[in-house]
Amino acid sequence: MAISINFVSIIINSQDTNATVSMGEVTQSGWNSHQKQNLGNGIYYGNTASPNNVINILDNDFIDMPVHDNDLVPTNQNQSL
C-alpha cells in the first residue's frame, strides 16, 4: 500500500527500507540496514495473479541473517534553536 506524504515543495510517493525525508540542517549518522529476502518466485508488481503455483524455498541457514554489528560510528551532532 503506497503512502503519499506531501510537503509544500516535496512529494514522496513511496519510501523503501532504510529511507528518510529530511529538511533543514540535518545530520544523520550511524545508519545500518540489515535484511534478508527469500524470493521463491520473484517480485510481483501491480495487479497480478499466479494460480496453481507451488514455491519451495530450501533455506539451510541455522539463523537467518545473524547481525553482529558492533561498529563505532563517530558523529558530530549539535542541537540548536
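Laboratory data are not the source of any read-out in this text; all were calculated from the coordinates shown. Values in this document were obtained by computation on a predicted structure and should not be read as measured data. Note that we place each Cβ from the backbone using ideal geometry, even for glycine, and neighbour counts take in every protein chain shown.
What the table shows:
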read-out: Residues of the range 15-41 that turn out to be on the phi < 0 side of the Ramachandran plot and touching a residue at least 24 places away in the same chain (Cβ under 8 Å), as a count; value: 6
read-out: Residue that is assigned to a loop (DSSP other than H, G, I, E, B) and surrounded by 10 or more Cβ atoms within 10 Å (Cβ to Cβ), where the choices are Asn47, Asn18, Asn52; value: Asn18
